[in-house]
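What follows is calculated from the coordinates using simple rules that are stated; it is not laboratory data. Quick caveat, the model's predicted, so the values are computed rather than measured. Every residue, glycine among them, receives a Cβ derived from its backbone with ideal geometry; neighbour counts consider all protein chains shown.
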Amino acid sequence: MHEPLIFTHSRTGRSAAGQYPHAAAAEVPEKFRRKQRAALPEVSELQAVRHFTRLSQLNFSIDTHFYPLGSCTMKYNPRACNQFAMLPELLGRHPLAPESASQGFLACMFELQEMLKEVTGMKGVSLTPMAGAQGEFAGVAMIRAYHRARGDMDRTEIIVPDAAHGTNPATATMCGCTVIEVPSLPNGDMDVEALQQALGPRTAGIMLTNPSTLGVFERRIQEVAKLVHEAGGLLYYDGANLNAILGKVRPGDMGFDVIHMNLHKTFSTPHGGGGPGSGAVGVGQRLLPFLPIPIVGRDGERYRWLDARDVPHTIGRLSAFMGNAGVLLRAYVYMRMLGRAGMQRVAEYAALNANYMLARLQQAGFEAAYPGRRASHEFIITLKRQAKQLGVNAMDFAKRLLDHGFHAPTTYFPLLVPECLLIEPTETEAKEELDGFVEALVAIQREAEQDPAKVKGAPYTLPVRRLDDVRAAKQLDLTYQRG
Amino acid sequence: MPFIPHTDNDVREMLATIGAPSIDALFEEIPAALRIKSLDGIPEALTEMEVGRLMQQRASRDGRPLNFLGAGAYEHHIPAAVWAIVTRGEFYSAYTPYQAEASQGTLQLLYEYQTMMASLTGMQVSNASLYDGASALAEACLMAVRAHRKSKSARILVPASLNPTYLDVARAITEGQNLKFDVLPYEATSGTLGANPLDAYRGQDITAVVVQQPNFFGLLEDVDAIADWAQTNNALLIAVVNPLSLALLKPPGEWGTKGADIVVGDGQPFGVPLSSGGPYFGFMTTRLEHVRQMPGRIIGRTVDLDGKPGFTLTLQAREQHIRRSKATSNICTNQGLLVTAATIYMSLLGSAGLEKVAAASQTQTSTLVAALTRIKGVKLAFAGPRFHEAVLHLDRKPAEVLEALAQRGVVGGYDLSRQYPELGNALLVCATETRTDEDIEAYEKAMREVMK
């Protein structure tokens, strides 16, 4: 299947813009005026609709395929969340509309803040960060602001485990900190002795995901929290894996001082082909004065925005308005539909699905990266044996899975497990789907033993075969040039 | 159970396969002292019907006031086809196109988007989006520091006629990296930058100059002169633009002799609803020579094993998942779904359609200004050429006027008096193609009552 570029459908003088009645000429002095029109397509409405509908059909998505992308929590995005966030009044509300005309919206946001405080065990929440990485930024910026407010200017080191997501060290750098990596032990836990070595008077804090990116729960977390706090540092919780513990254990209770939540993971807002996300942050007592603004407050029965006048030590604003409000509304609807009991079931069934798949794959002869450990909501298979013996690597398995109608798991992350597949089924998948995926992997294993070249040439049934990434980076073709 | 498909039988079989006695046993590695029993602060579940009713009540409470407020977010008509396609599950529920072969729809759309944005802004390359216009400016400032290797100062000149929140955000995001922002005053008579404030910096090491066109007051800056000043003084030029205005206005790539170096802005006017401020998307385009310093995802066209064309994420060596602490930015997820909306919007309208929308917005704003300035106590603050916003001077406090207008179902504009006290009782108003002559009459009538 192939869909030509929209520019090739374009003909001069064709337009889908007939629905616009106003046609008065603009008044632009000569020196400011555009001389040549932009090369936008000129197509009919049907041509545009058909083109983009066809493009959509070239995608795998949760609505069409099992999508067990580890660390991304590709769970079902309930349609009701979208519908109720897109009520005309909510879509039409200007971000700077007067508070008197915004009480309905602000009530939703205030209650969302309260619910997120409850599920994370934190004391305050700001909804403004627009993605996980911006939530991380807010978290580390608050840690820095906290130390600085105490006159503790030398605390500029951020400790991250070697298994951390790349955004963690990138965030630390953005905040002007240096990064200290701490290794993991063969059993998947953090090397606490190495952590002790890394801690000191320059420690600003530590960034942790728990369960970690290795798909296991950090069992010595209380000890880690104690050590970091005793050294004068703060603990940052990366909420990438919050789905694994929702309603079971709370980051605030584990000793974390600040957390970001990926609402597009745990609270099921759509991933949208790469965003929008939403990276709300929660903090404990010590970081409350530094929360990014705006925050929704309540005076009696009236909701209002809190800004720098209310939060004078804030790290400031991270977006032009209040972040991805429409995403926040979707998360709010989702949380109200799940309710107290439903939220606890999330972690339970996510863990059940992950541990079931892990057990079945181990029984089929696949090698777990951390055998003997319970899976969290995800787990890692390593294909280093297949790579060595058959010359078929994790990427080959991933591409062949596409031919079987499954989106591939996360590959080559975390970086420290060779030839890994990080598999996260989520709680919304049925057993039959998990069984089908296991059987596909078993079939690929058999094929790799009998005809490895076949696996290495995959995929065969998708709109394109394997793409030349080297050429893409060397012979840059980033925009269409009309021939 | 909402959204969970497991039957009792499934659970039994799965636990047997795992060899665990219960689901609870799967959490045994979590220290017992940490485990909680329930989430008392979370309300009981609502059904879809109940939550639908709740949301409609909340929405109705805020209603649909007649909107004349812009200040960085603009109410435009969105053709029905746009969100009908955007909310297709294949776009809505997919993720970042890591598996290119299974994501050609998203990837090709992003490549088409990059082509359109590069052409619209008159630049060579575009990324696949950033979070919003304000954070895109922050990223542009950081990028300018990386790209301008000869400049050591990390000093950036910013006019006070830039959206003040954009500057707040740029400061907050770059706070840890020792950038210095010098704010240049605008001319009290024209509301635009003028040449004089820049000349104080002649001969100094300036990394970049920022200019917004149209500026926060809706006025047109002399961008050619500013671009040439930047070039002569070896500073990069960062342009902040409303993409819709570029249907009418000279694209940043053509400003002055050399054009802008980095162009950013908020893509919201292109098919993205106001929605309380987000999700919108930030765009960024630049010269080819700076592409490796550009943050965010970039899509490239290449070929597959059979030599057929296809699309993939490229130049990933800039990004956090490869470079970690040395990445150009920590950005990972961007605003793909909103870019999807904008790409469809641009395709439906084409340049001719965008011109119509932009021209109608400008015309209706002029009509609005004429109507409101007929009222005693309302004056136009700046007379120069503008796009679709204007500053009005009132004879009383804007906050009180806005509240009284809100009681009459009109969102009347943006109160400039807090961020620009020197302007006095100044109100920023906006009309777009969605405001009819009758809407403007309704505003005028409400304003007349309020200003009595």
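The table below gives the values:
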quantity	calculated
Viscosity 0.890 mPa s, temperature 25 °C, Stokes-Einstein D of segment B:44-162 from Kirkwood C-alpha radius, µm²/s	126 µm²/s
Peptide A:81-91, shielding by other chains (average Cβ, 10 Å cutoff)	6
Efficiency of FRET between A:Ser100 and A:Arg148 - r from beta-carbon atoms, R0 45 angstrom, step 0.05	0.75
Neighbourhood charge, 10 Å Cβ-Cβ cut-off, centred on A:Arg79 and excluding it, Lys, Arg +1 and Asp, Glu -1	-2
Spatial separation of Cα centroids for segment B:35-69 and segment A:276-310, in angstrom	19 Å
Label-point separation, B:Asn234 to B:Asn9 (7 Å along Cα→Cβ), nm	7.8 nm
Stokes-Einstein translational diffusion, segment B:167-242 - Kirkwood Rh over all Cα pairs, 0.890 mPa s, 25 °C, in µm²/s	185 µm²/s
Cα gyration tensor shape of chain A, rounded if a/c is under 1.5, else prolate or oblate by comparing a/b with b/c	oblate
Mean Kyte hydropathy of 0.0 or more with a Cα span along the axis of at least 30 Å, helices from DSSP in chain A	A:325-363
Coarse-grained scattering of segment A:346-469 at q = 0.10 Å⁻¹, given as base-10 log I(q)/I(0) from a Debye sum over alpha-carbon atoms	-0.29
Spatial separation of Cα centroids for segment A:52-80 and segment B:314-375, in angstrom	25 Å
Segment A:343-361 versus segment A:393-465: alpha-carbon centroid distance in Å	19 Å
Structure-based [θ]222 nm, the protein assembly as shown - -39500 (n - 2.57) summed over DSSP H runs of at least 4, per residue, nearest 500	-11000 deg cm²/dmol
Spatially proximal aspartates and glutamates relative to A:Lys35 (Cα-Cα < 12 Å; intrachain offsets below 8 disregarded)	B:Glu254
Solution diffusion estimate, µm²/s, Stokes-Einstein, the protein assembly as shown, Kirkwood Rh from C-alpha pairs, 4 °C, viscosity 1.567 mPa s	46 µm²/s
Residues A:His51, A:His264 arranged by fewest to most Cβ contacts within 10 Å	A:His51, A:His264
Estimated inter-spin distance, A:Gln450 and A:Arg37, nm [label 7 Å along Cα→Cβ]	5.8 nm
Share of Cα-Cα pairs in segment A:6-56 lying beyond 18 Å, as whole percent	50 percent
Order by protection proxy (mean Cβ within 10 Å, highest first), peptides A:279-287, A:131-139	A:131-139, A:279-287
Projected label distance in nm at B:His77 and A:Thr461, using a 7 Å step from Cα toward the beta-carbon	4.5 nm
Greater than 19 Å apart at Cα, pairs in B:Lys150/B:Lys180; A:Lys388/A:Lys454; A:Lys474/B:Lys150; B:Lys180/B:Lys326; A:Lys226/B:Lys37; A:Lys75/A:Lys384	A:Lys474/B:Lys150; B:Lys180/B:Lys326; A:Lys226/B:Lys37; A:Lys75/A:Lys384
Residue-count net charge about A:Ala453 - beta-carbon cut-off 15 Å; Lys, Arg +1, Asp, Glu -1	+2
Local electrostatic count, A:Glu432, Cβ distance below 14 Å [Lys/Arg +1, Asp/Glu -1]	-4
Cα gyration tensor, segment A:120-275 - rounded (a/c under 1.5), prolate or oblate	oblate
Ranked list, fewest to most other Cβ atoms within 10 Å of each Cβ, for B:Trp83, B:Trp255, B:Trp229	B:Trp83, B:Trp229, B:Trp255
Helix B:223-232 axis, angle to chain B major axis (alpha carbon atoms, nearest 10°)	80 degrees
17 Å Cα-Cα reach of B:Lys397 towards lysines, excluding residues that sit fewer than 8 places from it in its own chain	B:Lys376, B:Lys379, B:Lys452
Calculated Rg and Dmax of chain B using C-alpha coordinates, Å	25.3, 82
Least to most buried among B:Thr115, A:Thr411 (fewest other Cβ within 10 Å first)	A:Thr411, B:Thr115
